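**Student:** Below are the C-alpha cells for one structure; questions will follow.
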Amino acid sequence: MVTTEAVVALQAPKDVSLSEIESELGQIWLGVDGDGDAGPRAVRAATFTLVVYESPDLAAQIAPSVEGLAVQNPCRVIHLRPQELATDAPLEARVAAYCPMQKRGQSNLICCEYITLTGSRPALERSLGLINALLIGDLPTYLWWQAHPDPEDVLLQGLIHLRERGGMRVLVDSATFAQPERGLLDLWQLLNLNIPLADLNWSRLSIWQELTAAAFDPPDRRVDLPKIDQVVIDYEKGNPTQALLFFGWLASRLGWVPQSYTLESGDYEIHRIICHSPEGQEIKTELAGLPLADVGSVVGDLIGLRLDSAQPDANCCTVLCSETTGCMRLEGGGKAQFCRVEQVSTLRDIPAETLLGQQIQRWGQQNILFQESLAVTAALLQAAKG
C-alpha cells in the first residue's frame, strides 16, 4: 500500500457564500509569513487547477483524498459534489487550504487551496460561469471526471469547453466503470473529438508492459516475436478494462487486427479474441476473469500473462504472473521448461490521487501510446457490437 505524507490545514474548511469564495481564499494568505521572520513561507497555488467531479454513486467507492496533492504541488482544487436530491437545491461553497507537514530545512510550505461546491446536478450545470471564474489565469487545468465518461453529458461537455483549444485535460479511472466495455468506447469517442484524455487505470499496466517488452530484448527472442499466435491474459474478475487495454497495447505494437470477439460468462469470464497479423497469421487470445477471494480496492488488476506459439521451434514463450497468485496456471501445457517465466512485483491499490499526480507530471508520450492502444480495443469492441 502506498501512502502519502501527512498534511495539515492552513485553513480548516469554512462555509462561505458563492460571491465570497475568492475573497475568503485571499484572507487565508493574508499574514502568512507576514512578520518577515526566517521561518517557512507558504506558497500559494501556482502550478495547475484541478477540477474534480465526484459522481454520487462512486463517492463511497472511491473516497478520494486529494489533499495528498498538496505534498508536491501548490495547486487549486475545485471539488464538485452533486447531491441526489428531490429538489433543485442551490449550491453551497466551502473553502480550505492544506500544506504538508514541514520537513527540517524546508524553506517553503507547498500548499493547495480547496473549493468545494455542493448541490443538485442542475445547479452544478448552471454554475459553469462561476467555475470558469475560479480557474487560475493561464495555469494548466485538469478535470478529474469520477463518473461514466458519457460524451453527451451536459456537465462533462460544459467543463471540457471551459478552456478553449483543448486546454482542459481530462482524467478518468476505468477501474471504476460500472459498464467497462461501454466506458472504453465512450473514451474513444471523446478522443475522436480531440479532447486530451488519460486513464489512471492505464498507469497500473506500466510494469506489465515494461516486463513484456524486456522479455524480447534478446535478439534471438526478438526475431521470433512475429511467431506469437497464442495469448492468455488473466485478471481479477469484475472489471476487464485492464485486460482489454493491455490487449490493445500488445495488438497495436504488433500490428494485429481484431476479427472477432465473444464472451462466455460463468464462474470465469472468458473473452475470446481472434486477430490477424500483418502477414495474415491467426492469433488466438483469451482474456480470463478469475474469481479471487483477495481482491483489493482496485477491481480487475492483471494477475498473469502467457505469450506462446504453435510453432515448436519458436523461442517466444513468455509467462508473467503476479507474486500473489503465482505462475502455476500459466505454466501448464508441457512447455514450461522452454518458457521465460518471471513474477511481477506490483504495488497493489496505489491511491488514485498518487497516480493522478504522476499522470499530471508526465503528460505527453504515454498519452499517445494510450490512444493507439485504445484505438485497437475500441475496434475490437465495435466488432463485437456489429
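**Student:** Protein chains only, probe 1.4 Å: how do T354, T87 rank by accessible area, largest first?
**Tutor:** On the way: T354 30, T87 95 Å².
Sorted by accessible area, descending: T87, T354.
**Student:** Using Cα centres only, tell me the gap between the stretch 185-212 and the stretch 217-267 in whole Å.
**Tutor:** 16 Å
**Student:** While we're here: Per residue, how much accessible surface does the chain expose to a 1.4 Å probe? Answer in Å², no decimals.
**Tutor:** Here the residues of the chain average 45 Å² of exposed surface.
**Student:** Among the chymotrypsin sites (Phe, Trp or Tyr not before Pro) in the stretch 236-270, which ones are in a DSSP loop with at most 16 other Cβ atoms within 10 Å of the Cβ? Mind listing them?
**Tutor:** On the way: sites: F246, F247, W249, W256, Y261, Y268; in loops: W256, Y268.
When the chymotrypsin sites (Phe, Trp or Tyr not before Pro) of the stretch 236-270 are filtered for loop state and at most 16 Cβ neighbours within 10 Å, Y268 remain.
**Student:** Mind counting lysine pairs for me in the chain? Cα separation below 29 Å, and the two need to be 8 or more apart along the chain or on different chains.
**Tutor:** Values: K14/K103; K227/K284; K227/K335; K237/K284; K237/K335; K237/K385; K284/K335; K284/K385.
The number of close lysine pairs in the chain is 8.
**Student:** Roughly what angle does helix 365-385 make with the longest principal axis of the chain, taking Cα atoms, 0 to 90 degrees, to the nearest 10?
**Tutor:** 60 degrees
**Student:** Moving on to the next point. Based on a Kirkwood Rh over C-alpha pairs, give the Stokes-Einstein translational diffusion coefficient of the stretch 79-233 at 37 °C and viscosity 0.692 mPa s in µm²/s. Let's see the in-between values first.
**Tutor:** Values: Rh = 19.3 Å.
For these conditions, the coefficient is 170 µm²/s.
**Student:** While we're looking at this one, here's another question. Let me have the 222 nm mean residue ellipticity of the chain computed from DSSP H runs of 4+ only, each contributing -39500 (n - 2.57), with the sum over all residues rounded to the nearest 500.
**Tutor:** One gets -8000 deg cm²/dmol as the mean residue ellipticity at 222 nm.
**Student:** Hey, what did the chain get for relative contact order, percent, Cα under 8 Å, at least 6 apart? Display every interim value, and only then the final one.
**Tutor:** Values: 760 pairs, mean separation 59.1, N = 386.
Relative contact order for the chain comes out at 15 percent.
**Student:** Name the most mobile residue of G248, G289, G119, meaning the one with the largest mean-square fluctuation, in a Gaussian network model of the chain with Cα contacts below 10 Å.
**Tutor:** Result: G119 has the largest fluctuation of those listed.
**Student:** Using alpha-carbon pairs under 8 Å, 6+ residues apart, how would you state the relative contact order of the stretch 79-214 in percent?
**Tutor:** 19 percent
**Student:** Can I ask one more? Please get the size of the charge dipole for the chain, origin at its Cα centre, with Cβ charges of +1 on Lys and Arg and -1 on Asp and Glu, quoted in debye to the nearest 20. Intermediate values should be presented prior to the final figure.
**Tutor:** Numbers: 29 positive and 48 negative charges, 119 e Å.
Approximately 580 debye in magnitude.
**Student:** When the accessible area of the chain is split by element with a 1.4 Å probe, what percent falls to carbon and sulfur?
**Tutor:** With neighbouring chains kept in place, the figure for the chain is 50 percent.
**Student:** Ordering E210, E152, E54 from largest to smallest accessible area (1.4 angstrom probe), what's the sequence?
**Tutor:** Working: E210 115, E152 135, E54 15 Å².
Greatest to least solvent exposure: E152, E210, E54.
**Student:** Tell me, what ³J(HN,Hα) does each residue in the stretch 229-241 have, in order and in whole Hz, if you take phi through Karplus 6.51 cos²θ - 1.76 cosθ + 1.60 with θ = phi - 60° and put x for Gly and Pro?
**Tutor:** Karplus-based 3J(HN,Hα) across the stretch 229-241 equals 9, 9, 10, 10, 10, 9, 8, 5, 4, x, 7, x, 4 Hz.
**Student:** Using only the alpha carbons, work out the radius of gyration and Dmax of the stretch 252-374 in angstrom.
**Tutor:** For the stretch 252-374, the Cα-based Rg and Dmax read 16.9, 46 Å.
**Student:** Tabulate in residue order the Karplus-calculated ³J(HN,Hα) for the stretch 185-199, using 6.51 cos²θ - 1.76 cosθ + 1.60 with θ = phi - 60°, rounded to whole Hz; enter x for Gly and Pro.
**Tutor:** With the stated coefficients, the stretch 185-199 comes to 5, 5, 4, 5, 5, 5, 4, 5, 8, 6, 8, x, 9, 9, 10 Hz.
The values are calculated or read from the model by the stated rules, or taken from the named source; none is laboratory data. Just so you know, these numbers come straight off a predicted model, no measurement behind them. Cβ coordinates were reconstructed from backbone atoms using ideal geometry, including for glycine residues, and neighbour counts include every protein chain displayed. Ligands, DNA and RNA are excluded from the accessible area calculation, which covers all protein heavy atoms including side chains. Shrake-Rupley method; radii C 1.70, N 1.55, O 1.52, S 1.80 Å.
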